[in-house]
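Comments concern the structure below.
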Amino acid sequence: MEQAYARPSTQISALDSGRATIEQEIEGLKAVRESLDSRFERAVALIESISGRLIVTGMGKSGHVARKIAATMASTGTPAYFVHPSEASHGDLGMITPQDAIMMLSNSGETSELGDMISYAKRFGIPIIALVRRPTSMLVDAADVPVVLPEIPEASPTGAPTTSTLMMMAYGDALAMALLERRGFGKDDFRVYHPGGKLGKNLLRVADLMHGPDALPIAGPQDRMRDVLVTITKHAFGCAGVVEQGKLIGIITDGDLRRHIQSDFLDLPAREVMTANPVTVAPKMLVAEAIAIMNAKSITSLFALDEAGAPAGLLHIHDCLRAGVA
């Protein structure tokens, strides 16, 4: 039976107490790192091989960690969800299929509520990964891949789950990242699963927000400004792109209009009013980068060009603001 961590003193300051807790938990993390072995590789290979989902479960504090591990897995390319062991005994076992694998978390490895799930897994040939702290236990005996965490004392003098839960969470993160790398799961994939989060928004591409080819304000270089003004007004972007032989050669903005106001202004061709070689972006560029360009150039819109130099879309600063991209 492991001993609780001996605190330096019952009269230490709050800062010293906090630091002592973190120091003890750091020892647990170091021990987990050093304990990674062939069982870790087997667990990764097992999860990668299933055609279904990874079911993560546990009771009490282990259950809270299991929920977090399932959420991390699901958001990084490994289909997973949490099933409460007590609810499993009352019908939720039907959520688990022979194509799945189960990852069970338990400090003691003797959690009675896991019994029905273990029996169900054995009946239908569902593989079990066990994440436990006690090397001899019911769960270790039942698991296809038994992972026993190092016996590092809890940071609490009462033995409350502290170091142990952090070690379990770190092990789950390590599994998730190993699987992510094996699958080649990248930032674009992550953004798909996080469209509402800050990180997901900051990973948006210009192509995700830009107005497409059919919505673009386009004029020819010989078009008269009276017609160009109609185009600008109709599309309400405050600008028009000037296209020749399919390629963007210039842009006409409010500033260009003010600079060229004269008596025959309406009869001028677009070529004489436009700003040639305007700043543009690629559809694959991050929206955050496009915003930086707009800020640096004091402009409110950017044409996105395809590889041939043809207008593929237009990004306006209002589109970025509506999407919540900083």
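Values as computed for the structure displayed
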item: Estimated FRET transfer efficiency (residue 226, residue 71; beta-carbon r; R0 41 Å; 0.05); result: 0.10
item: Entries in 30/61; 30/122; 234/284 that, when Cα-Cα distance is taken, lie over 24 Å; result: 30/122; 234/284
item: Gain on full stretching of the segment that runs from residue 207 to residue 48 - 0.36 nm per residue minus C-alpha separation; result: 54.1 nm
item: Cα centre as origin, Lys/Arg/Asp/Glu Cβ charges: the chain dipole, Debye; result: 340 debye
item: Bridge type composition, the chain - antiparallel percent by DSSP, nearest 5; result: 45 percent
item: Unit Cα scatterers, Debye sum, segment 218-262: log10 I(q)/I(0) for q = 0.29 Å⁻¹; result: -1.15
item: Amide N of segment 305-326 lying under 17 Å from the label point, which is placed 7 angstrom from the Cα of residue 295 along Cα→Cβ; result: 316-326
item: Relative contact order %, the chain, counting alpha carbon pairs below 8 Å whose residues are six or more apart; result: 15 percent
item: Order by protection proxy (mean Cβ within 10 Å, highest first), peptides 238-245, 16-23; result: 238-245, 16-23
item: Ordering of 75-86, 27-38 by burial proxy (mean other Cβ atoms within 10 Å per residue, highest first); result: 75-86, 27-38
item: Stokes-Einstein D (µm²/s) once Rh is taken as the Kirkwood radius of segment 14-185 over alpha-carbon pairs, at 4 °C in 1.567 mPa s; result: 80 µm²/s
item: Between segment 283-323 and segment 92-151, the Cα center-to-center distance that results, in Å; result: 51 Å
item: Percentage of interatomic Cα-Cα distances in segment 206-323 larger than 20 Å; result: 37 percent
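Bear in mind these aren't lab numbers, they're just calculated from the coordinates by the rules spelled out. This is a predicted model, so every value here is computed, not measured. Every residue, glycine as well, gets a Cβ built from its backbone with ideal geometry; the counts of neighbours run over all protein chains shown.
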